[in-house]
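Enquirer: Following this message is one structure expressed as structure tokens.
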Ligand code: ZN
Ligand code: ZN
């Protein structure tokens with residue numbers, strides 16, 4: 001694939017000819033007519049409606065709880081999960097600009113730009129959590145856990161390798177694979193970590209961190225929506241790319257990714273965290289995997305799992321519009337309307 005030119009005077013102006021990739025756009029941000037309204041809407045939702053500031057969430061209570069109330073297992077899980085989330089958001093900040101270089105619809109480039117801003121904000125949120133909750137030596141260790149922890153290192157490599165392959169060899173096939181890597185990262189890889197934090201929060205523990213995670217989770221769901229739309233549109237516009245081999249690869253990749261996420265969830269919690277156990281993690285991740293596959297037109301891999309075993313999470317993660325939100329009210333002034341359902 002060829003990178004998009006900054007300005008292409010020979011490009012088509014007709015909105016009907018616009019394509020997500022491999023189109024012939026002038027690359028002027030002509031927004032008088034947009035073809036992909038969902039992308040333009042998501043640009044605004046990510047950029048303005050959902051804007052938030054990590055520093056506006058006070059963290060003092062968490063510092064006390066981390067020192068005095070968390071069990072050694074809870075502390076270990078808290079640190080490992082943060083370390084993994086830090087890697088995932090780092091990849092996103094760096095990879096989204098790569099995707100953007102190949103897009104040929106201005107509204108898509110704008111949406112990706114908003115997403116990239118949010119991923120950088122998440123990286124900042126993790127730093128703010130660490131500097132507020134743990135001492136600087138510990139914070140430094142958490143950033144570096146992947147050097148010591150082989151399981152984490154293996155985890156960190158999976159999506160990074162798909163991304164690196166596309167950067168080194170930007171073929172159409174590697175593009176599709178990287179897009180699915182992105183979709184899995186956003187829609188599956190965050191979730192055993194999020195489930196752990198919400199389990200703590202449900203017991204009144206580490207509520208400040210949980211509040212940061214809820215804002216991050218809300219953003220990640222808009223990213224899932226963006227890439228779900230991208231995949232579904234690619235399937236229409238470039239159906240030739242979805243060869244039987246690629247479709248087979250998607251299933252294999254999902255099966256692999258789901259098992260790795262379950263393994264990871266079990267590894268970080270060690271079946272020692274009140275409110276979450278190996279079986280719940282297994283069912284929850286398989287449930288999400290089924291949902292994510294079906295949302296992009298594929299069959300679920302685990303038909304035996306039909307229910308979300310941790311339904312309370314959906315309720316718990318939602319950020320309310322009103323002051324009745326039981327965490328805190330202040331950052332919500334940025335939320336102009338109720339959380340959209342993705
Ligand atoms: Zn993120
Ligand atoms: Zn994201």
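Enquirer: For a footprinting-style exposure proxy, rank 234, 108 by other Cβ within 10 Å, fewest first.
Expert: By the 10 Å Cβ count, ascending: 234, 108.
Enquirer: Can you tell me the length gained on complete extension of the stretch residue 75 to residue 278, counting 0.36 nm per residue apart and subtracting the Cα distance?
Expert: 71.3 nm is the gain from fully extending residue 75 to residue 278.
Enquirer: Work out, step by step, the length gained on full extension between residue 141 and residue 13: first 0.36 nm times the residue separation, then minus their alpha carbon distance; give nm to one decimal.
Expert: 40.9 nm
Enquirer: Run the quick spin-label model on residue 236 and residue 31: label points 7 Å from Cα toward the beta carbon, then report their separation in nm to one decimal.
Expert: Taking the two extended label points, one gets 2.2 nm.
Enquirer: Quick check on the chain: helices-only [θ] at 222 nm, where DSSP H runs of length 4 and up contribute -39,500 (n - 2.57) each and the sum goes over total residues. Nearest 500, please.
Expert: Roughly -20500 deg cm²/dmol at 222 nm, from the helical runs in the chain.
Enquirer: So what is the relative contact order for the range 226-298, in percent, with contacts set as C-alpha pairs under 8 Å and at least six apart?
Expert: About 37 percent, as a whole number.
Enquirer: If packing is taken as the average count of other Cβ atoms within 10 Å, what order do 88-96, 171-179 fall into, highest mean first?
Expert: By packing density, highest mean first, the sequence is 88-96, 171-179.
Enquirer: Efficiency by 1/(1 + (r/R0)^6): what FRET value for residue 6 and residue 169, r their Cβ-Cβ distance, R0 = 25 Å, to the nearest 0.05?
Expert: 0.60
Enquirer: Still on this model: Over the chain, what is the mean sequence separation of C-alpha contacts under 8 Å (at least six apart), divided by residue count, expressed as relative contact order in percent?
Expert: Taking the mean separation of contacting Cα pairs over the length of the chain, I get 22 percent.
Just so you know, all these numbers are worked out from the coordinates, no wet-lab data involved. The structure presented is a predicted model; accordingly, all values stated were derived computationally and were not measured. Here the Cβ is made from the backbone with ideal geometry for all residues, glycine too, and neighbour counts use every protein chain on show.
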